[in-house]
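To start, the structure under review is shown below, and the notes come after it.
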Amino acid sequence: MNIIDARGMSCPQPVLMTKNALKTSPELVQILVDNETAKGNIERYLSHEGFSVEFKIQGDDILVMGQK
C-alpha cells in the first residue's frame, strides 16, 4: 500500500486522488496533505464511505489514514 502524496494540491484534487486510490486499495488508504482544508475534505469523504479516519502529524504535513 502506497501513501498518496497530495501536498501542494488544492481541493478537490486530494479528494479525487483518494477516490482513485480506493479503486486499488478499497480497505486501507493513506494520504499525505499539507493543509487543514484538504484534511477536512478527505476526512468527510472517507467517513461518508464508511472508513474510520486517523491523523498523524509529520512536521508541517498531515498523514490521513482511512481503514474499513
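Summary of values
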{"quantity": "Cβ-Cβ under 7 Å pairs, at least 6 apart or on other chains, region 11-24 side over 13 Å from Val64 (Cα atoms) and at pLDDT 95 or above, far side outside any helix (DSSP H, G or I) and not β-branched (Val, Ile, Thr)", "calculated": "Gln13/Ala6"}
{"quantity": "Exclusive hit being within 9 Å of the chain's Cα centre (by Cα) and among the hydroxyl-bearing types (Ser, Thr, Tyr), set Thr18, Thr37", "calculated": "Thr18"}
{"quantity": "Search result, residues across region 38-50 that are in contact with a helix residue (DSSP H, G or I) (Cβ under 9 Å, 6 or more places away or on another chain) and not basic (Lys, Arg)", "calculated": "Ala38, Asn41, Ile42, Tyr45, Leu46, Glu49"}
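Residue by residue, here is whether (1) surrounded by 13 or more Cβ atoms within 10 Å (Cβ to Cβ); (2) aromatic (Phe, Trp, Tyr); (3) not in a helix (DSSP H, G or I) holds:
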| site | (1), (2), (3) |
| --- | --- |
| Gly8 | no, no, yes |
| Val15 | yes, no, no |
| Thr18 | yes, no, no |
| Val29 | yes, no, yes |
| Asn41 | yes, no, no |
| Arg44 | no, no, no |
| Ser47 | no, no, no |
| Lys56 | no, no, yes |
| Gly66 | yes, no, yes |
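The values are calculated or read from the model by the stated rules, or taken from the named source; none is laboratory data. None of these values were measured; they are calculated from a predicted model. With ideal geometry, Cβ positions are generated from the backbone for all residues, glycine too; neighbour counts draw on all protein chains shown.
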